[in-house]
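A short worksheet on the structure shown next.
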Amino acid sequence: MIVPIVPVDNHLLAALPAAKMLSILPFLELMQLSKGEVLAESGSPRAFGYFPVGAVLSTIYLSRDGNCTGTSMVGREGMLGATLILGGNTMPEQSQVLYPGHAYRLPASMLQFRSSKDQESLQVLLQFVHSLILQISQIAACTRHHGVAQRLSRFLLMSLDRLPSNTVPVTQETIAQILGVRRESVTEGIARLLHSHIVDCRRGYIVVLDRSRLEQSSCECYAMDRRPFLRRTPAAKKRDGIVATPPAFAWAAQ
Ligand SMILES: [Zn+2]
């Protein structure tokens with residue numbers, strides 16, 4: 001049975017007040033996004049905000065010498081283009097599709113809050129902006145202070161939280177780009193995880209066999225990312241044996 005995709009599959013959209021949701025509904029456009037697809041170039045105006053409902057999106061900082069580093073990752077718990085809420089419409093990072101799937105896109109003009117009547121909606125979206133700032137700060141600190149092996153485990157765990165299964169459809173080349181390290185370092189890290197039977201590798205895929213040991217091999221940064229995630233993701237609660245009770249988006253009010 002094919003389950004239809006609906007806007008409230010995105011947790012942030014689902015947390016919006018009903019009146020706001022009804023007002024933006026005609027402007028939401030469901031997009032099928034391909035792996036590696038660039039949604040916005042570095043420095044270019046953001047024409048849309050993207051609300052994933054299956055896809056996982058990332059922002060990548062590209063330096064002039066061609067090196068790159070991932071600065072954030074977002075799935076159905078949030079949105080890409082949060083800067084639009086704050087009144088900006090350009091970002092230094094490139095926005096691209098990390099894992100393929102669907103996302104709703106919404107014109108930038110619908111994400112600008114000029115009316116005080118929209119304060120309730122703004123509050124919901126700012127809660128997400130806060131969690132995104134925490135994630136970006138945590139990744140910056142992680143990149144400076146923690147080793148490639150720990151960061152590799154953190155990246156895989158963050159991916160698992162946003163994917164429907166324990167299979168992460170990613171190449172070592174992409175992981176190296178996201179972590180901003182040499183591919184050889186990623187190969188070494190994955191070899192250690194393979195040797196410990198924590199993951200299995202197939203062409204273009206990494207299958208996580210032992211999540212708890214993967215968590216043990218990560219740095220504390222993952223726990224920081226996961227804490228707010230547990231409050232807002234029914235799937236993560238179910239996986240961890242935490243009873244998810246509706247409304248599933250109570251995090252927005254916390
Ligand atoms: Zn770390």
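Each residue of region 70-154 gets 114 Å³ once the volume of the Cα convex hull is shared out per residue. Of Arg76, Arg162, Arg203, the residue with the greatest mean-square motion in the GNM of the chain, using alpha carbon springs below 10 Å, is Arg203. Net charge dipole, region 1-136: roughly 160 debye, given to the nearest 20, about the Cα centre with Cβ charges of +1 for Lys and Arg and -1 for Asp and Glu. Alpha-carbon geometry of region 128-180: the Rg and the Dmax are 11.8, 30 Å, given in that order. Note on region 172-231: Cα-Cα pairs beyond 20 Å make up 33% of the total pair count. Annotation: per residue accessible area for the chain equals 50 Å², rounded to a whole number [probe 1.4 Å, protein chains only]. Estimated from the Cβ-Cβ distance and a Förster radius of 45 angstrom, the FRET efficiency linking Arg64 and Asp200 is about 0.75. Taking the Cα centre of the chain as origin and assigning +1 to Lys and Arg Cβ atoms and -1 to Asp and Glu Cβ atoms, the resulting dipole is close to 280 debye. Each of Val38 and Thr143 was given a label point 7 Å from its Cα along the Cα-to-Cβ line. The distance between the two points is 1.9 nm.
Phi angles across region 142-155 convert, under the Karplus curve 6.51 cos²θ - 1.76 cosθ + 1.60 with θ = phi - 60°, into 3J(HN,Hα) values of 4, 4, 7, 10, 10, x, 4, 4, 5, 5, 4, 5, 4, 4 Hz, Gly and Pro given as x. Is the shape of region 111-156 rounded, prolate or oblate, going by the alpha carbon gyration tensor and its root eigenvalues a ≥ b ≥ c, with a/c under 1.5 for rounded and a/b larger than b/c for prolate? Because a/c hits 1.5 or more and a/b exceeds b/c, region 111-156 counts as prolate. All Cα-Cα separations within region 117-224 were binned at 10 Å from zero, giving a P(r) of 14, 44, 27, 11, 4, 1, each value a whole percent of the pairs. Distance distribution P(r), region 52-101, all Cα-Cα pairs, bin width 5 angstrom from 0: 5, 20, 26, 24, 17, 7, 1 percent. Rolling a 1.4 Å probe over the protein heavy atoms of region 39-170, with every protein chain left in place, gives an accessible area that is 53 percent carbon and sulfur.
Set the Cα radius of gyration of region 1-134 against 2.2 N^0.38 Å, with N its number of residues, and you get 1.03. For Gly180, the residues whose modelled amide H falls within less than 5 Å of its own, excluding neighbours fewer than 5 places apart on the same chain, are Gly70. Proximity of backbone amide H atoms, modeled 1.01 Å from N, is registered between Gly49 and Leu106, Ala108 at under 5 Å, excluding neighbours fewer than 5 places apart on the same chain.
Note on the chain: GNM, Cα springs under 10 Å; of Leu62, Leu98, Leu33, the largest mean-square fluctuation is that of Leu62. Using only side-chain charges placed at the Cβ, +1 for Lys and Arg and -1 for Asp and Glu, the dipole size of region 84-152 relative to its Cα centre rounds to 100 debye.
Note on the chain: helix-only mean residue ellipticity at 222 nm, from DSSP H runs of 4+ residues weighted -39500 (n - 2.57) and normalised by residue number, equals -12000 deg cm²/dmol. Against the chain, whose longest principal axis comes from its Cα atoms, helix 221-232 is set at around 40 degrees. For the Cα trace of the chain, dividing Rg by the Kirkwood Rh returns an Rg/Rh value of 0.96.
The values are calculated or read from the model by the stated rules, or taken from the named source; none is laboratory data. All figures in this text were calculated on a predicted structure; none of them were measured in a lab. Positions of Cβ are backbone-derived with ideal geometry, glycine not excepted, and every protein chain shown enters the neighbour counts. To get the accessible areas, we keep the full protein, side chains included, count just its heavy atoms, and leave off ligands, DNA and RNA. Shrake-Rupley method; radii C 1.70, N 1.55, O 1.52, S 1.80 Å.
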